[in-house]
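One structure is given below, represented as structure tokens, and several questions about it will come after.
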Amino acid sequence: MTGFFDLIRPGVFKMDSETAHGLAVKALKTGLVPGCAAKADPKLTVHVAGISFPNPVGMAAGFDKNAEIPDALLSLGFGFAEVGTLTPKPQAGNPKPRLFRLPADRAVINRMGFNNDGHAAALARLVARKGKPGIVGVNIGANKDSEDRVGDYVQGIHRFYEVATYFTVNISSPNTPGLRDLQARDSLKTLLDAVLAARAEEVAKSGRRLPIFLKIAPDLTPEGLDDIAAEVAEHDLDGLIISNTTLSREGLVEKELAAQAGGMSGKPLFERSTAVLAAMRKRVGPALPIIGAGGVGNAADVVEKIKAGADLVQIYSMMIYEGPGIAAAIVKDLPGLLVREGVTTISALRDRSVDAWAAKF
């Protein structure tokens, strides 16, 4: 599949970025992109938050905003897929154009603004796939015009509890004004209290306890990480996702596009996001699960994230450059890297380079 994508990439890159994304979703939805998942390898299985992940490579939220293609993504070799970000009411997001490729940097800038069809539409799709295998997380957010953003997250927990494998509480997008303010300690306490209370209500009704992860930004200060770590320690949270996109433009070659507003992802985010990951691992200790995201494009990147303290990783932007076969290629290459590292399971690599990466924060 990688060879085929190499052939069509020039044509794809001539399209507007958001148009190309829409066509990719349609192609997956209609089955035009064949599945390429490899047979599960026990060496790559990761047990996190009560869930057994067949491999550590997941699709991050943002690609399948409306829960249209989780099963198609899983068929590409991803060990799990995360849909959303979903808000209670449908919203159009920010004005177009709002998605930009920076090929020279292998980066992407977006200011999408949580464009999605809303809870009801996504719920109908997820209910329709209920009973199918595969790990599907639901990423929840708040509407831009909401008068009760905490209430929006609570609605998300209640609305999707019957169909989610896990939840991600996304407070780290830079494209909804004021959203990142929820990372401040007092605001975060209020949010986590409410979200975890909503889960407790659902557990009482269903007897099922679903994990909840918190997705944070890579632009936090050391003091900001301290505050988040302190609140996490005081709440029954199941893990963190580190990180979302960055406002930094450090080191970019394509200066004109770098001036576009929005969050940057892709290869230039790898080092910063991995350093933040390691710095947070040192703060929260070894027990709390962490999903590493930001700039992952190959098996070596996955290994580095795990060495820096991640249990699992997520991909999105690098699929734009590597094509739909990226997860299958990574999963194919990982066993060889385990041999080179002298371990028999992917989890045995965790934390090997935490100190070195944290020193870069």
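The values are calculated or read from the model by the stated rules, or taken from the named source; none is laboratory data. Just so we're clear, the structure is a prediction, and the values are computed from it rather than from any experiment. Please note: Cβ atoms are built from the backbone with ideal geometry, for glycine as well, and neighbour counts cover all protein chains shown.
Does region 190-205 contain any residue that is under 15 Å from THR85 (Cβ atoms) and of a type in the set (Gly, Ala, Ser)?
No - not one qualifying residue is present in region 190-205.
Just to confirm my filter: which strands (runs of 3 or more DSSP E) fall fully inside region 35-82 and include at least 1 residues that are within 26 Å of ALA142 (Cα to Cα)?
Result: 57-59.
Check region 185-202 and report whether any residue there is polar (S, T, N, Q), crowded, with 21+ Cβ neighbours inside 10 Å and in contact with an Asp or Glu (Cβ under 7 Å, 6 or more places away or on another chain).
Looking through region 185-202, none of the residues is polar (S, T, N, Q), crowded, with 21+ Cβ neighbours inside 10 Å and in contact with an Asp or Glu (Cβ under 7 Å, 6 or more places away or on another chain).
Name the single residue that is farthest from ASP226 (Cα to Cα) among those in region 252-270 being surrounded by fewer than 17 Cβ atoms within 10 Å (Cβ to Cβ) and in contact (Cβ under 8 Å) with a residue 40 or more places away in the chain.
Checking each candidate, the answer is VAL253.
Being at pLDDT below 95 and more than 13 Å from GLY58 (Cα to Cα) is the filter here; which residues of region 298-323 pass it?
Once the filter is applied, which keeps residues that are at pLDDT below 95 and more than 13 Å from GLY58 (Cα to Cα), region 298-323 yields ILE320, TYR321, GLU322, GLY323.
Test PRO268 against the stated conditions and say whether it is within 23 Å of LYS360 (Cα to Cα), touching an Asp or Glu at 6+ places or on another chain (Cβ under 8 Å) and either aliphatic (A, V, I, L, M) or modelled with pLDDT of 95 or more (or both).
Considered against the rule, which asks whether it is within 23 Å of LYS360 (Cα to Cα), touching an Asp or Glu at 6+ places or on another chain (Cβ under 8 Å) and either aliphatic (A, V, I, L, M) or modelled with pLDDT of 95 or more (or both), PRO268 comes out as yes.
Look through region 33-91, keep the residues that are among the β-branched types (Val, Ile, Thr) and buried (at least 19 other Cβ atoms within 10 Å of the Cβ), and return whichever of them is farthest from PHE167 (Cα to Cα).
Among residues in region 33-91 that are among the β-branched types (Val, Ile, Thr) and buried (at least 19 other Cβ atoms within 10 Å of the Cβ), the one farthest from PHE167 (Cα to Cα) is VAL33.
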